[in-house]
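The values are calculated or read from the model by the stated rules, or taken from the named source; none is laboratory data. Small disclaimer: the values here were computed from a predicted structure and weren't measured. Cβ placement follows ideal geometry from the backbone for every residue including glycine, while neighbour counts extend to all protein chains displayed. To get the accessible areas, we keep the full protein, side chains included, count just its heavy atoms, and leave off ligands, DNA and RNA. Shrake-Rupley method; radii C 1.70, N 1.55, O 1.52, S 1.80 Å.
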Amino acid sequence: MMPLDHRRTLACVIVLAASAAAHAEEPRQLLERMNEALTGRNYVGTFVHFANGRFSTMRILHRVDKGRVIERLVSLDGSGREIVGTSDELTCYLPDQRKVLVEPRKDQGPLLGTLPSFRPELVDYYTVEAAGTSRVLGHDTRMVSVMPKDAYRFGYRLWLDEKTAMPLKTQLCDGDGRVIEQILFAEIAWPDHIPNSAFKPQLSTEGFAWVRTESPLRLSEIGSDSLLWRAIKLPPGFRLSASSTQALEDPSRPVAHLVYSDGLASVSVFIEAREQGQVLRGHASVGSSAAFSTTIDGHQITAVGEVPPQTVELIADSVQQSRRSSGMSPHP
């Protein structure tokens, strides 16, 4: 029989080995678990969002029931704004405008925000590393750094709950590590059940205008001679991930919408006809996003995304048009 002291030593070794194995989890595996936690389980929490020297407090509820997702995001800063999202559509309640906007859901990402999911090709453009451990909100967390290898994209620092991999704190950073935007949870829970009543807006919508945005029109619905647009010069790793044409205020003047992404960062490009003689060019900021507008071939080109200003300028300046024909070729 093994001596008692030896058994105690063996037990200590087993405990230490198990702990080391847990901390040896690859950063990319932690990111995969994070995305599973964000999309695949129930949670209720309150977080503070910091950006541009300002902060706002939000409440989020997320429920998954038989594969169906429903979410509710509530502003606690006094505006009363709310967003309720299902797998199919988003409903935005805007009491300050006495308006409710309903639109098809274009992606299945959580309302909490776009956070990095690991794809093998990302290692060509980002350095993904473990960055130690810390305590956040009384929870043990693992820190993961996802930093860009060039100046065309931003990076992230993430504090992931050891047990659930939920991001209890996230920072959007520039290439020098400076914080651009931060989300920090003040409280969070993972209930087994969240009732339907928790997803009903708390404000009365009596007298509100309801505005419904239909799904984007297909090019074939607008006309066979419609202009097709593409950006011909992109940062490394960016590819066209979505395109559509929408009829907004004037059905005879559709707005083309292109989305370019490297799998993590994304840029939306909007193209609409301008009155002859109108020329617009310049940078702007929209929260933590950069925007750049220019005029090409009588059309206003606007690129916007949570990326550095030089990225949106590069993409917008390279947009060209081609005519729909038997094949696509750049318009001279």
Looking only at the range 302-316, count how many residues are β-branched (V, I, T) and in contact (Cβ under 8 Å) with a residue 40 or more places away in the chain. 4
Given the conditions (1) more than 19 Å from G45 (Cα to Cα); (2) open to solvent by less than 40 Å² (accessible area, probe 1.4 Å); (3) at pLDDT below 90; (4) of a type in the set (A, V, I, L, M), which single one is not true for L115? (1)
Every residue in the range 119-146 that is in a strand (DSSP E or B) and surrounded by fewer than 19 Cβ atoms within 10 Å (Cβ to Cβ), please. T127, E129, A130, A131, G132, T133, S134, R135, V136, H139, D140, M143
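Kindly provide the set of residues from the range 177-201 that are aliphatic (A, V, I, L, M) and more than 30 Å from E129 (Cα to Cα), ordered by number. I'd like the intermediate steps shown before the answer.
Filtering the range 177-201 for residues aliphatic (A, V, I, L, M) gives 179-180, 183-184, 186, 188-189, 194, 198.
Residues satisfying the conditions are I194, A198.
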What number of residues in the range 273-304 are outside any strand (DSSP E or B) and either under 19 Å from I232 (Cα atoms) or open to solvent by 40 Å² or more (accessible area, probe 1.4 Å) (or both)? 11
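Among the residues of the range 102-110, is there at least one that is open to solvent by 50 Å² or more (accessible area, probe 1.4 Å), at pLDDT below 90, under 22 Å from V304 (Cα atoms) and assigned to a strand (DSSP E or B)? Full working, then the answer.
Just the residues of the range 102-110 that are open to solvent by 50 Å² or more (accessible area, probe 1.4 Å), to begin with: 103, 106-108.
Checking which are at pLDDT below 90 leaves us with 103, 106-108.
If we keep only those that are under 22 Å from V304 (Cα atoms) as well, we get 103, 106-108.
Now narrow it down to the ones that are assigned to a strand (DSSP E or B): 103.
Yes, there is a match, as at least one residue in the range 102-110 is open to solvent by 50 Å² or more (accessible area, probe 1.4 Å), at pLDDT below 90, under 22 Å from V304 (Cα atoms) and assigned to a strand (DSSP E or B).
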Please list, ordered by first then second residue, the pairs with beta carbon atoms under 9 Å, 6 or more apart or interchain, first in the range 25-46 and touching a residue at least 12 places away in the same chain (Cβ under 8 Å) and within 13 Å of V128 (Cα to Cα), second among the β-branched types (V, I, T) and open to solvent by 60 Å² or more (accessible area, probe 1.4 Å). R28/V123
With the checklist (1) under 22 Å from V286 (Cβ atoms); (2) part of a strand (DSSP E or B); (3) open to solvent by less than 40 Å² (accessible area, probe 1.4 Å) in hand, flag the one item R153 doesn't pass. (2)
Single match in T91, T86 (criterion: out of contact with any helix residue (DSSP H, G or I) (no Cβ under 7 Å at 6 or more places or on another chain), of a type in the set (S, T, N, Q) and buried (at least 17 other Cβ atoms within 10 Å of the Cβ)): T91
Residues of the range 76-97 being out of contact with any strand residue (DSSP E or B) (no Cβ under 9 Å at 6 or more places or on another chain) and small (G, A, S), which ones? G78
